[in-house]
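The values are calculated or read from the model by the stated rules, or taken from the named source; none is laboratory data. Just so we're clear, the structure is a prediction, and the values are computed from it rather than from any experiment. Ideal geometry is used to build each Cβ from the backbone, glycine not excepted, and the neighbour counts take in all protein chains shown. To get the accessible areas, we keep the full protein, side chains included, count just its heavy atoms, and leave off ligands, DNA and RNA. Shrake-Rupley method; radii C 1.70, N 1.55, O 1.52, S 1.80 Å.
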Amino acid sequence: MSDLRHDRKLAGEPLFGRQLLQWAATAALVFVTVLPGVSQSKPTPPATRSSQSTAQKTAQAPAKEGSAANKETPWTKQLEKYPGLMEEFARLFGRWQTEVQMPPARRQSRFLPLLAEGTAFYGAFPNYGEAAHQALQIFHQELEQSAVLREWWRKEGGKDGREAEESVEKFYQLSQYLGDEIVVASPMSDKENRALILSEIKKPGLQQALQQFITDLGGKGEAGLRIFTPEQLAGAKEQHKEEPVALVRPDLLAIAFDLSVLRGLNERLNQGGGKFASAPFGRRLAQSYQGGTKVLMGADLQSVLRKIPMGSAKDEAMFRLTGFADLKYVIAENRDEAPGQAANQLELSFTGPRHGAASWLASSGPLHGLDFVSPKANIVLELLLKDPAALFDDVADLVNATQPSGLATLTQMEQTLNISLRDDVLSKLTGEITVDAVADQTQPSGRILLRTNDANGLRQSLERLLAALNVKTRPYTDGGVTYYSLQLPNPGAPVEINYAFTQGYLMIGFSRKDLTEALRLRSSGGSIVNSREFLAALPGGTLADTSALYYYNPGPMMGTVLQQTQPEMADLFKQLNLQGQPLAMRLAGDETTIRAYGGSGATSVATVLIVAAVAIPNLLRSKMAANESAAAATVRTVNTAQVTYLTVYPARGYAPSLATLGPGAKGDCSSGKETEANACLLDSRVGGAGCTAGQWCTKDAFRYSISAVCKKQRCDDYVVVATPVDASHGGKSFCSISDAVVRSKSGAPLSSPITVAECQSWPPIH
């Protein structure tokens, strides 16, 4: 870090601020997201080390040519290189789950009475320092005991790994001076950053520790955090905007980005506190503390909405029609998962009765549709909506407020089909919708159930609609129930749909078996509502007080996906016993509030890791593809600029560099300032003054360069090249010459520009 110690600023950003962001990101990612879930997970006994692990056997077994396991991925290579590594990961996760002690819930906060009355945003977090230290100690113990893990970390962890360990250790050291809670609060301000960070000080020496902390980073007062005592604060002068400043009192640490924020806090402390605790928003937050909370975040949405410009009076009226103009508070919590209580809760409250789109989620009620759902279902969605006819009226009001003729097409279609969507269809439904899907490798199945209050009337309306569309149905009877089968046109094979009106529902499925199985489950009592796995996954362990439910059991479906996309991760998740853990979330509505309840930490960790295993490699590939697409587009832009330059300055031919096509050092591209030396055809990101012939000019994830073929100050040809900044940003380089054909070549980033002949040898892109 010696080079960083002498670099007071990097790209204009204070050194301390940059490092603080890096450490905050590291600590937040590992110890706020992962560790709380890990510690709340269902205990998994640490894996025992054997002479030859499953991973070793897998690595040593030859992969079939063309198989998924034979695909080269970073994890595949590392698992082959370090046999037994997967088993060591399982053991490490097992120890984290069973041994890391997370901070307990808090039932009060000292900070609510200290905040200003206008506070609109509030976040309270436990001090995760001790938990982070425990996790790091366990990791070091495993490194000592496991040769394969130690070798992997030594060779693959590299500088980033060492810096991560150092960040965690520094995070822990600082945390030892702080209290059990860290609060971030801010008013709704359209000016400068008014955020305030607060923590109690539980032992002396914090000011000296902070000063040493900054010195270790190579920062000084004017380039990083400035620290004041109450006496020093009075005479302090404002310096750089948005720089952190700290107030250290005997029992309190406060960090802000504006001296006036610290002065306001100090004045409130001297006067015995502020008025926020007695304000409505403060009282609502205090209620959450009384029930015991670990992480608490909230926002006064009325304060936010008052600061957001609505535009025209028409726009404001439109927003009010949605019902969301009445939003009051949003409160999110992570709590101890006690019996009958969900671990994660979110509350959206309104100033009065919900209306418009905000009222589409109905109040809680019985979920009868679940009686038809298989306990083997991988995805279940149950919704209780308001009266569908009233919901249609809300939509019509919104459309008419935006465009008076917006429903003309629907009206014309209804006249053609001789049916009213509102009166003949929606008015005959109750608003209860049930959807389930079972991911079977042989024949996937699924159902949609719509609860009806007039099954005969809805059946007649559907028959009229299908007849008008010239869709023929084939009725058949089974067990006293009449089913209907129809085929929908499809570019490939026709899609068969089956439906029936029975048990008060319109039931729709892909096959007759889907529907008969649903009826069997209800009559036998074998549905998902009696499944132990389903009930165990429910937030709070009950279906009471529910307006909507989402249930996802990755089980066999995720196992199949992982085996096809990331086979090495499939084995890891099997060892970690994560594949079979379902996720459930439910919503509950009443007249003025919508509440969401999330599942346990075990589910959260499993879901996060599974999504990461499947999605992150694809996201990285997508990001690389986006970078490459942008680079190809920039090359085309340079080609267009070159054609324009040739037209305007024919005596010069093509521009010899990107800088020639750009605005020059002064950046003045006002009318009449264009010259053959600086044509103002590219912006400074690609055509900066330093982008001279043969030099690289960086824009986003790629570097660009032009080399020209010139004789006697006239250039008759050129080659523009784009290459990734590094291999993580793209796997292709691009080039083009005066024929304007963009070509590409896969491989490592180029270290130097290429010639016209080399570019012509690359294949053109399509």
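Residue under question is residue 564, and the condition is that it be outside any helix (DSSP H, G or I) and either open to solvent by 40 Å² or more (accessible area, probe 1.4 Å) or at pLDDT 55 or above (or both); does it hold? Against the criterion (outside any helix (DSSP H, G or I) and either open to solvent by 40 Å² or more (accessible area, probe 1.4 Å) or at pLDDT 55 or above (or both)), residue 564 does not qualify.
Take residue 681 and tell me if it is in a loop (DSSP other than H, G, I, E, B), at pLDDT 90 or above and either crowded, with 19+ Cβ neighbours inside 10 Å or in contact with a Phe, Trp or Tyr (Cβ under 8 Å, 6 or more places away or on another chain) (or both). Spelling it out, residue 681 is indeed in a loop (DSSP other than H, G, I, E, B), at pLDDT 90 or above and either crowded, with 19+ Cβ neighbours inside 10 Å or in contact with a Phe, Trp or Tyr (Cβ under 8 Å, 6 or more places away or on another chain) (or both). Contact map, the stretch 154-171: first residue open to solvent by 50 Å² or more (accessible area, probe 1.4 Å), second residue of a type in the set (Ser, Thr, Tyr), Cβ cut-off under 9 Å, separation 6 or more or different chains; pairs are 155/82; 156/82; 163/26; 171/26; 171/128. If you check 462, 449 for being of a type in the set (A, V, I, L, M, F, W, C) and under 28 Å from residue 376 (Cα atoms), only one passes: 449.
Here the stretch 348-379 is the region considered, the condition is being among the aromatic types (Phe, Trp, Tyr) and either more than 25 Å from residue 399 (Cβ to Cβ) or open to solvent by 60 Å² or more (accessible area, probe 1.4 Å) (or both), and the residue that is nearest to the chain's Cα centre (by Cα) is 360. Selection within the stretch 408-439: residues that are of a type in the set (Asp, Glu) and in contact (Cβ under 8 Å) with a residue 24 or more places away in the chain. The member of this set that is most open to solvent (accessible area, probe 1.4 Å) is 423. Each residue in the stretch 694-724 was checked for being part of a loop (DSSP other than H, G, I, E, B) and open to solvent by less than 60 Å² (accessible area, probe 1.4 Å), and 3 of them qualify.
Residues that are under 36 Å from the mean Cα position of the chain (by Cα) and among the aromatic types (Phe, Trp, Tyr) were ranked within the stretch 498-547; the one that is least open to solvent (accessible area, probe 1.4 Å) is 534.
Residue 644 fulfils the conditions (1) assigned to a helix (DSSP H, G or I); (2) closer than 23 Å to residue 733 by Cα except for a single criterion, (2).
In this structure, does residue 199 turn out to be among the polar types (S, T, N, Q), buried (at least 20 other Cβ atoms within 10 Å of the Cβ) and touching a residue at least 12 places away in the same chain (Cβ under 8 Å)? So residue 199 passes the test.
Residues in the stretch 245-261 that are touching a residue at least 40 places away in the same chain (Cβ under 8 Å) and within 36 Å of the chain's Cα centre (by Cα): 248, 252, 253, 254, 255, 256, 257, 258, 261.
Scanning the stretch 380-394 for residues that are more than 21 Å from residue 583 (Cα to Cα) and not charged (D, E, K, R), we see that the one that is nearest to the chain's Cα centre (by Cα) is 385.
Can you name every residue in the stretch 630-644 that is out of contact with any strand residue (DSSP E or B) (no Cβ under 7 Å at 6 or more places or on another chain) and either modelled with pLDDT of 95 or more or open to solvent by 10 Å² or more (accessible area, probe 1.4 Å) (or both)? Selection gives 630, 633, 636, 637, 640, 643, 644. Scanning the stretch 734-751 for residues that are more than 20 Å from residue 640 (Cβ to Cβ) and assigned to a strand (DSSP E or B) turns up 745, 746.
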